[in-house]
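A.B. asks: Here it is: the structure, laid out below.
The values are calculated or read from the model by the stated rules, or taken from the named source; none is laboratory data. Computed from a predicted structure; not experimentally measured. Methodologically, a virtual Cβ is constructed for each residue, glycine included, from the backbone with ideal geometry; neighbour enumeration extends over all protein chains shown. Ligands, DNA and RNA are stripped out before the accessible areas are found, and what is left, the full protein with its side chains, is counted by its heavy atoms. Shrake-Rupley method; radii C 1.70, N 1.55, O 1.52, S 1.80 Å.
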Amino acid sequence: EDEWGMLRQRAQAARVRGAIRDRGLLLHDAFLKFDADRNGVLSLAEVYAALEWLGVPHLSPADLLAFARTVSGRAQAQFSYAEFAAALDA
């Protein structure tokens with residue numbers, strides 16, 4: 001990936017981490033809150049809802065797919081807590 005893409009991923013992770021912290025949540029608590037169907041993984045719909053709830057501005061489908069690639073390295077449909085935490089711990 002190019003340098004701009006990596007910079008965007010780091011900025012995105014920092015924005016999400018900050019928004020989670022501003023809500024008084026730890027990463028694991030946030031993951032549990034975002035996992036609406038309680039199946040132990042986050043779907044793209046759950047990630048979209050989470051990013052909206054966190055107030056991530058100007059969220060588009062392309063932004064969601066970019067975040068999915070940040071979390072898992074690919075635009076997959078579900079993410080484990082380990083993938084979620086690793087992406088936001090960058």
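A.B. asks: Return yes when TYR81 is modelled with pLDDT of 90 or more, hydroxyl-bearing (Ser, Thr, Tyr) and open to solvent by 50 Å² or more (accessible area, probe 1.4 Å) and no when it is not. Working first, answer last.
C.D. replies: Values: modelled with pLDDT of 90 or more: yes; hydroxyl-bearing (Ser, Thr, Tyr): yes; open to solvent by 50 Å² or more (accessible area, probe 1.4 Å): yes.
Spelling it out, TYR81 is indeed modelled with pLDDT of 90 or more, hydroxyl-bearing (Ser, Thr, Tyr) and open to solvent by 50 Å² or more (accessible area, probe 1.4 Å).
A.B. asks: Ok, one more. Tell me which of these ARG17 doesn't satisfy, since it passes every other one: (1) under 15 Å from ALA86 (Cβ atoms); (2) basic (Lys, Arg); (3) out of contact with any helix residue (DSSP H, G or I) (no Cβ under 8 Å at 6 or more places or on another chain).
C.D. replies: Looking at each condition in turn, ARG17 falls short on (3).
A.B. asks: Where residues in the range 32-51 are of a type in the set (D, E, K, R) and surrounded by 12 or more Cβ atoms within 10 Å (Cβ to Cβ), which of them is nearest to the chain's Cα centre (by Cα)? Let's see the steps before the verdict.
C.D. replies: Keep residues of the range 32-51 that are of a type in the set (D, E, K, R), which gives 33, 35, 37-38, 46.
So of that shortlist, the ones also surrounded by 12 or more Cβ atoms within 10 Å (Cβ to Cβ) come out as 33, 35, 46.
Numbers: LYS33: 13, ASP35: 12, GLU46: 10 Å.
Applying the filter and picking the extreme gives GLU46.
A.B. asks: Given ALA14, ALA49, ALA30, which one is more than 12 Å from LEU88 (Cα to Cα) and of a type in the set (A, V, I, L, M)? Please lay out each step first, then the result.
C.D. replies: On the way: ALA14 fails: more than 12 Å from LEU88 (Cα to Cα); ALA30 fails: more than 12 Å from LEU88 (Cα to Cα).
Testing whether each residue is more than 12 Å from LEU88 (Cα to Cα) and of a type in the set (A, V, I, L, M) leaves just ALA49.
A.B. asks: I want to confirm something. Restricting to the range 16-31 and keeping residues that are in a helix (DSSP H, G or I) and open to solvent by 80 Å² or more (accessible area, probe 1.4 Å), which single residue is farthest from TRP53 (Cα to Cα)?
C.D. replies: Per the stated criteria, the residue is HIS28.
A.B. asks: Shifting gears a bit: For LEU64, are the conditions met, namely being modelled with pLDDT of 85 or more, out of contact with any Ser or Thr (no Cβ under 9 Å at 6 or more places or on another chain) and of a type outside the set (Gly, Ala, Ser)? Reasoning before the result, please.
C.D. replies: Values: modelled with pLDDT of 85 or more: no; out of contact with any Ser or Thr (no Cβ under 9 Å at 6 or more places or on another chain): yes; of a type outside the set (Gly, Ala, Ser): yes.
Taking the combined requirement at face value, the residue does not satisfy it.
A.B. asks: Can you spot a residue in the range 49-56 that is on the phi < 0 side of the Ramachandran plot and modelled with pLDDT under 85?
C.D. replies: The answer is yes; a qualifying residue exists.
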